[in-house]
Amino acid sequence: MKKSLSLLATLFLSAAVTSAGPQPQPGTILSQTSVDCGAKKSKKKDIDLLCQQYVLRSGTTDYTIRQPKPSDQTLIPINTPTQFTLDKNKVKFKVNGKSFEFIVVGQAAASSAAATPASSDPNR
């Protein structure tokens with residue numbers, strides 16, 4: 001009996017450890033824009049700094065994500081499939097072997113293109 005209880009406890013604890021942490025989710029980069037994310041002081045004038053902002057769709061949710069710093073200006077192609085992890089307000093993923101970490105600045109329900117025309121037709 002003690003042996004079966006210890007085996008059951010071991011299985012339960014190992015299942016809890018393997019399920020801990022954020023699980024990877026499939027997603028696709030839908031769009032990209034450049035947004036103002038601060039200014040840099042030059043000798044006589046301020047220079048506006050731009051950060052890349054993307055819309056990442058996962059199932060029925062669109063995440064608006066932004067670079068945390070303007071230092072990395074690598075552009076991610078639109079319609080790039082990703083496997084990402086979501087942890088609090090950060091998204092981490094890899095594209096072409098390069099790791100990225102972005103801040104989540106917005107979240108919305110994904111719009112359904114099929115439902116939009118039918119619901120906007122007033123003659124129905």
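Total residues in the range 65-108 satisfying the condition of being of a type in the set (Ser, Thr, Tyr) and on the phi > 0 side of the Ramachandran plot: the figure is 0. Every condition in (1) modelled with pLDDT of 80 or more; (2) within 15 Å of Phe100 (Cα to Cα); (3) hydroxyl-bearing (Ser, Thr, Tyr) holds for Ser71 except the one numbered (1).
Say we look at the range 88-105 and pick out the residues that are more than 13 Å from Thr74 (Cα to Cα) and of a type in the set (Val, Ile, Thr); which of these is surrounded by the fewest Cβ atoms within 10 Å (Cβ to Cβ)? Among those residues, the one meeting the criterion is Val105. Sort out which residues of the range 60-82 are surrounded by 14 or more Cβ atoms within 10 Å (Cβ to Cβ) and not β-branched (Val, Ile, Thr), and write them in order of number. The answer is Asp62, Tyr63, Arg66, Gln67, Pro70. Candidates in the range 74-124 are the residues that are under 23 Å from Pro24 (Cβ atoms) and among the small types (Gly, Ala, Ser); of these, the one that is modelled with the lowest pLDDT is Gly97.
The values are calculated or read from the model by the stated rules, or taken from the named source; none is laboratory data. The structure presented is a predicted model; accordingly, all values stated were derived computationally and were not measured. FYI the Cβ positions are ideal-geometry reconstructions off the backbone, even for glycines, and counts take in every protein chain you see.
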